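The values are calculated or read from the model by the stated rules, or taken from the named source; none is laboratory data. Just so it is clear, the structure is predicted and the values come from calculations on it, not from any experiment. Please note: Cβ atoms are built from the backbone with ideal geometry, for glycine as well, and neighbour counts cover all protein chains shown. For accessibility, only protein heavy atoms count, side chains too; no ligands or nucleic acids. Shrake-Rupley method; radii C 1.70, N 1.55, O 1.52, S 1.80 Å.
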Amino acid sequence: MNERLTFTPLGPNIGAQVSALDLSRPLSDTQFEQLYHGLLRYQVLFLRDQPVTPEQQRALAIRFGDLHIHPLYPHAEGVKEIIELDTHQDNPPDNDNWHTDVTFIQTPPAVAVLASKLLPESGGDTLWSSGIAAYEALSGPVKQLLSGLQAEHDVRKSFQEYKYRKTEEEHQRWQQAVAQHPPVQHPVIRTHPVSERKALFVNEGFTTRLLGVSDKESEALLNFLFAHVTRPEFQVRWRWQPNDVAIWDNRVTQHYANADYYPARRVMHRATVLGDKPF
């Protein structure tokens, strides 16, 4: 049986489409190894026509490591490790900005697996940006400046209290999540633990300030970096079709889910693999 996967790059810096793989069946060690090395190289992988169940999605994701259970999002029925992202006019996304998932914990996710379940007729694309390409495009003096800096990441920046006041139960869940997740610090430039490549690791969704500099310096530097990482040459844009799956390296990428489809509805399932402490 031919187990060789095909990777078709979608741009010079980030993204590839994978063919010759059926995610509804358990991956062989050979297939998984190719998929993992492809992920390290391309940072985000896309597969068409993969009608996976939440159980199959969990089985794939857990090959990459232990799974995170989100403190606020609802989950797929019977599978608490699979987040259900059901967005529509009455439930807009919390994270309609460029962000890296769950950087508000000490060990932010390493990998995420996202499956499309219900899509609008048009719109709802997702864009990913390469933190590696963004870092490499900086000048030497700016790299040197950033290399010693730490940044604070706070759950409250994207998950704001006013959004969680619909019911008392929802507000209590928000208060509990905030109490359990005080702000954390991560390096502004992180080193990938496997490939050892350096990447920019601040994001508009959760990064609140740089430490060891004044508030004005922090604001100016972060505004520059948030704009820098969204340059088109560092990006790939994916137009979803039903039953697509995207797998990305959360350690070195950011993404943006385009909320341009209201009043239509969009339902996605996500598994999130815990990572290690950034360095």
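Amide H contacts of Ala137: none lie under 5 Å away among residues 5 or more positions distant or on a separate chain (H built 1.01 Å from N in the peptide plane; Pro and chain starts excluded).
Which of the trypsin sites (Lys or Arg not before Pro) found in the range 199-241 are loop residues per DSSP with 13 or fewer other Cβ atoms within 10 Å of their Cβ? In loop regions of the range 199-241 (DSSP not H, G, I, E or B), the sparsely surrounded trypsin sites (Lys or Arg not before Pro) are Arg239. For the chain, the Cβ-based charge dipole about the Cα centre amounts to some 440 debye (Lys, Arg positive; Asp, Glu negative; other atoms uncharged). Structure remark: mean-square fluctuation, Gaussian network model of the chain, C-alpha springs under 10 Å; the largest value among Thr126, Thr103, Thr167 belongs to Thr167. In the context of the full set of protein chains, residues of the range 125-248 present 49 Å² of accessible surface per residue (probe radius 1.4 Å, heavy atoms only).
Taking only protein heavy atoms and a 1.4 Å probe, the accessible area of the range 1-92 is 47% carbon and sulfur.
Straight Cα distances below 25 angstrom link Lys216 to the lysines Lys143, Lys157, with same-chain residues fewer than 8 positions distant left out.
Counting protein heavy atoms only, the range 122-161 has 47 percent of its accessible area on carbon and sulfur, 1.4 angstrom probe. Of all complete DSSP H helices in the chain, not one has a Cα span along the helix axis of 20 Å or greater and a mean Kyte-Doolittle hydropathy of 1.6 or more. Contact order for the range 16-151, expressed relative to its length and based on alpha carbon pairs under 8 Å spaced 6+ residues apart, stands at 17 percent. Think of the chain as having a plus end and a minus end, set by charges on the Cβ of Lys, Arg, Asp and Glu; of Val194, Thr100, Thr167, Val194 sits farthest toward the positive end of this dipole. Karplus-based coupling profile of the range 188-197, in residue order and whole Hz: 5, 10, 10, 10, 4, x, 9, 7, 6, 7, with θ = phi - 60° in 6.51 cos²θ - 1.76 cosθ + 1.60 and x standing for Gly or Pro. For Tyr262, no residue has an amide H sitting under 5 Å from its own, ignoring neighbours fewer than 5 places away on the same chain, with H placed 1.01 Å from N. For the range 85-183, the relative contact order is 34 percent, taking Cα pairs closer than 8 Å that sit 6 or more residues apart in sequence and dividing their mean separation by the residue count. Of the trypsin sites (Lys or Arg not before Pro) found in the range 42-142, those that fall in a DSSP loop while having at most 14 other beta-carbon atoms within 10 Å are Arg48.
For the range 23-146, a crude dipole built from +1 on the beta carbon of Lys and Arg and -1 on the beta carbon of Asp and Glu, taken about the Cα centre, is about 460 debye to the nearest 20.
Where the only charges are on Cβ atoms (+1 Lys, Arg; -1 Asp, Glu), what is the dipole of the range 191-279 about its Cα centre, to the nearest 20 debye?
Details: 12 positive and 10 negative charges, 50 e Å.
The dipole of the range 191-279 has a size of about 240 debye.
Element breakdown for the range 183-279 at a 1.4 angstrom probe: carbon and sulfur atoms account for 50% of the accessible area. Placing unit charges on the Cβ atoms of the charged side chains and taking the dipole of the chain about its Cα centre, the candidate lying farthest along the positive direction among Gly148, Val178, Phe7 is Gly148.
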